[in-house]
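The values are calculated or read from the model by the stated rules, or taken from the named source; none is laboratory data. Worth saying up front: this structure is predicted, and the values here are computed from it rather than measured. Here the Cβ is made from the backbone with ideal geometry for all residues, glycine too, and neighbour counts use every protein chain on show. Surface areas here come from the heavy atoms of the whole protein model, side chains and all, with no ligands, DNA or RNA. Shrake-Rupley method; radii C 1.70, N 1.55, O 1.52, S 1.80 Å.
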Amino acid sequence: MKKIDIPVEGMTCASCVTRVEKIIGKFEGVRNVNVNLASERVSFEVENDNFDLESVAEAVQDYGYKLKLDSSADKIRYLSSDGSPLKEKDEYFEEIKKDFFLSLILTIPLFTISMLGDYSFFQSLWPFSVDYTNKILLILTTPIIFVAGKRFFKIFWSNLKHFSAEMNSLVAIGSGAAYGYSTVATLFPETVSLHGDLPHVYFETAGVIITLILMGKLLEHNAKRKTNSAIKKLMELKPKTARILVGEIETEIQISELKTGDIIVIRPGDKIPADGIINWGSSAIDEAMITGESIPVEKNIGSKVISGTININGAFNFKVTEAGDNTVLAQIIRLVEQAQSSKPPIQKMVDKIASVFVPVVVLFAIAIFVVWLLIGGDNSFSTALINFVAVLIIACPCALGLATPTAIIVGSGLGASNGILIRNGESLELAQKITTIIFDKTGTLTEGKPAVTEILPMNISEDELLQLCASLESQSGHPIAAAIVEAAKSKNISLSKPESFQNLSGFGLTGIVEEKAIISGNLNLMSEYSIKVDKAGKQFEDLSAGGKTVIYIAIDGELKGMIAIEDKLKETSVKAIEELNRMDIKTVMLTGDNKSTAESIARKVGISDFRAEVLPEGKANIVKEFQSKGEVVAMVGDGINDSPALAQADVGIAIGTGTDVAIETAQITLVQGNLLSVSKAINLSRYTIRTIKQNLFWAFIYNTVGIPLAAMGLLNPMIGALAMSLSSVSVVSNSLRLKRTKL
Ligand code: AMP
């Protein structure tokens, strides 16, 4: 499966979206077609490599839209970060601007003459006869229709060939009808006149409609460009060149030539061009743009650096671990772009409405026309015509198509700048419905860096106990094991390689070290091997009650000691839980620790519901259990051993480590391991969905109020055109407001 993502020109409304999706979706081997009106792009997956994109482009063109396959280099822009996606659209902007100004310059005299023409004061000054004036108006209006407004007619025509209609059709039929009737009335007045008077003409209506709709497009396009500033900002974080060390010599190379293993030289103020690990020097780095964390982070030899962040004061060299499309920055851009072009469920419903809306409106307008023709009296034809035009114009569902995608674009951008990456619109919509959040303890609520706090030997020296246990633990990747090995190292105890070793996930380890049978793990493991632990009793209880993880160590079938390990709570955990409790969201903690350790930690962090001694594979079941009670469940974990639970949850939230952002099973990734971002993510979802709902209200209210008024003959079509262009602008501006929201 290959993902294709290309710009589309000429889409104007929600119904164009479904249209283009349908055209492309009909091709064989094409899947998941997704059109985004706000970013004016289509993305889809194709099955084979030599897929014929040209024929898709032709089919789309046939309907009057244009797939932009040109600009050979990024002919197919995979969802990657190369090139600014905004550049392609500027041409379109320039075209609309030209058309708008032409239209405006002609409309000003057109409108003035037509309006003043009704006053006798003006008529006495005006040197031309009505007949002659109408011809002047015809001359002024013709270029507006055929030059400035040609886009509407082109698309209308292509659509007509396929018996379909969309917003452009409404504008084209509306202004075309006003223009056509007026032209006939001007050139052959006798054909439309009943009593020999010169008939009234509606050139200004046609001209003003085109001008105002173009103005709306222009304002809307301008605002739409602003919605995507987050992606643009992210792209600008990438420097163009990097200085690398070749031997002793510094050479400046293009960023595209960077390879893993290169050594990059960084000075104060430099942007970090790739991901890597510092191998010389130290500095403070501003990582706000990636993680949302505003305080600069101290870095030394061995620290990871992230592409797109900015070095503040020190100088250092680092070895590239990921360059180009694999960097954290590139992944973030890809994720945000993907989210921006995806549709939340709410939009799918809107698309459905929009796809039937236009044909229904056209039929309705025709019905109104007939009714007015029958009841309109003397001037029934022109009254019927103008009301027909008014209905068509006020019914344009232009704002409808922008309501959701602009909010999603701004929302996911706002998330990214706060270190919250949302996979798609669906997750963004779902996050506000979360009722229960399940936290994995280790590495999520706690630092995930446990350290040994007490060693309690029994009939053995402390060093020997530690030496045997650490030798066995050195084979395990568990954080507990790392803590024990670290403790041995700090005491300069040398470890030996176990002769055999077995890892019992969720229980501990067994193995042979220096011909001794060692068992290191929890109570369940001890019971499994019938090891008596009575003599540990009280000490074990006390340490556990203090929130420490205590493991037993048995040697040759006898308990020989305990080691207590503490994993500190993250500084932000308590506050984060407090915030969630305040939001009335239930919180639950899962841990493999025993009950008293778990209880102590849960209490410290402020969680009342916890599950202890959970085996790794049991986490997903607990998520299921809450789901079956009707809860909308979010699971927060580190994405490594929690993958099944993250995938099972309605919303999987992965706590990033700053270097791994594309955690596949998670719908939301918090780039910085800060738990305060969990409530922020929910707020983000709430605000975005609220904005979408407001937008939909504004988009529909113009239509719902306007259509009956127009049908009753109470709405001038020019006012209708103004209302329509304002509705799109108000919707886009409302989405832009979201940008300034504090999460
Ligand atoms: P986990 O499911 O990984 O959180 O582990 C659950 C419990 O099993 C821990 O609290 C320890 O008591 C025990 N355990 C897991 N791994 C080890 C290990 N490498 N050494 C000793 N005990 C372990």
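Starting from 0.36 nm per residue, how many nanometres of slack lie between Arg686 and Asp556 once their C-alpha separation is accounted for?
That works out to 41.0 nm of additional length.
Could you order the peptides 683-696, 552-565 from most to least packed, using the average number of other C-beta atoms within 10 Å per residue?
683-696, 552-565
With both partners inside the chain, how many of the DSSP beta bridges are antiparallel, as a percent to the nearest 5?
Bridges in the chain that DSSP calls antiparallel: roughly 80 percent.
Which angle from 0 to 90°, rounded to the nearest 10, does the C-alpha axis of helix 328-340 make with the longest principal axis of the chain?
It is inclined by approximately 40 degrees.
Between Asn503 and Lys259, what is the label-to-label distance in nm when each label sits 7 Å out along the Cα-to-Cβ direction?
Going by the 7 Å Cα→Cβ label model, 3.3 nm.
Which order do you get for Arg737, Arg334 if you rank them by accessible area with a 1.4 Å probe, largest at the top?
Arg737, Arg334
Packing-wise, with mean Cβ within 10 Å as the measure, how do 209-219, 643-653, 392-402, 533-543 rank, highest first?
392-402, 209-219, 643-653, 533-543
If you take every DSSP beta bridge whose two residues both sit in the stretch 553-671, what share of them, in percent to the nearest 5, is antiparallel?
25
Computing the accessible area with a 1.4 Å probe over protein heavy atoms, can you report the carbon and sulfur percentage for the chain?
Ligands and nucleic acids excluded, carbon and sulfur give 57 percent.
Taking the Cα-to-Cβ direction at Lys240 and at Ile366 and moving 7 Å from each Cα, how far apart do the two end points lie in nm?
If labels sit at Lys240 and Ile366, their model points lie 5.8 nm apart.
Per 0.36 nm of contour for each residue apart, how much would the distance between Lys433 and Gln627 grow if the chain were fully extended, relative to their Cα-Cα spacing?
Length gained, Lys433 through Gln627: 68.6 nm.
Given a Förster distance of 41 angstrom, what is the FRET efficiency for Ala451 paired with Lys226, based on the Cβ-Cβ distance and rounded to 0.05?
Working from the Cβ atoms, E equals 0.25.
Expressed as a rounded percentage, what relative contact order does the stretch 545-645 have, with Cα pairs under 8 Å and six or more residues apart?
Value for the stretch 545-645: 22 percent.
Just to verify a number: FRET efficiency for Ser120 and Glu95, C-beta to C-beta distance, R0 = 60 Å, to 0.05?
0.90
Counting only the heavy atoms of the protein chains, how much of Leu198 is accessible to a 1.4 Å probe, in Å² to the nearest 10?
In the full protein context, Leu198 sits at about 80 Å².
Pull out the extension gain between Ile301 and Asp534, defined as 0.36 nm times the separation in residues minus the alpha carbon to alpha carbon distance; nm, one decimal.
Separation in residues times 0.36 nm, less the Cα-Cα distance, equals 79.2 nm.
Between helix 130-143 and the chain, what is the angle of the helix's C-alpha long axis to the longest principal axis, kept within 0 to 90° and rounded to the nearest 10?
Long axis of 130-143 versus the principal axis of the chain: about 30 degrees.
What value does the stretch 233-279 have for Rg/Rh, both radii from Cα atoms and Rh as Kirkwood defines it?
My calculation of the ratio gives 0.94.
Could you sort 121-133, 578-590 so that the peptide with the highest average Cβ count within 10 Å comes first and the rest follow in order?
578-590, 121-133
Just check the stretch 564-700 against the gyration tensor rule for me: Cα atoms, a ≥ b ≥ c as the square roots of the eigenvalues, rounded for a/c under 1.5, and otherwise prolate or oblate depending on whether a/b exceeds b/c.
It comes out prolate by the Cα gyration axes.
For the stretch 119-274, please report how many Lys pairs fall under 28 Å Cα to Cα, leaving out neighbours fewer than 8 apart on the same chain.
The number of close lysine pairs in the stretch 119-274 is 29.
Over the chain, give the accessible area per residue in Å² for a 1.4 Å probe, as an integer.
So the chain comes to 43 Å² accessible per residue, rounded to a whole number.
Plugging the Kirkwood radius over Cα pairs into Stokes-Einstein for the stretch 633-743, at a temperature of 37 °C and a viscosity of 0.692 mPa s, what D comes out in µm²/s?
The Stokes-Einstein estimate is 194 µm²/s.
How large is the Rg to Rh ratio of the chain when both quantities use alpha carbon positions and Rh follows Kirkwood?
1.13
Mind pulling the angle between the C-alpha long axis of helix 87-116 and the longest principal axis of the chain? Nearest 10 degrees, somewhere in 0 to 90.
Taking the Cα atoms of the chain, the angle to 87-116 is about 30 degrees.
Give the shape of the stretch 463-513 as rounded, prolate or oblate, defined through the alpha-carbon gyration tensor: a ≥ b ≥ c are the square roots of its eigenvalues, a/c under 1.5 means rounded, and otherwise the shape is prolate if a/b is larger than b/c and oblate if not.
The shape class here is oblate.
Relative contact order for the chain: what percent, with Cα pairs under 8 Å and sequence separation of 6 or more?
14
What FRET efficiency would be calculated for the residue pair Phe146, Glu54, taking the C-beta separation as r and a Förster radius of 25 Å, to the nearest 0.05?
0.25
Quick check on the chain: helices-only [θ] at 222 nm, where DSSP H runs of length 4 and up contribute -39,500 (n - 2.57) each and the sum goes over total residues. Nearest 500, please.
Estimated from H runs of four or more residues: -16000 deg cm²/dmol.
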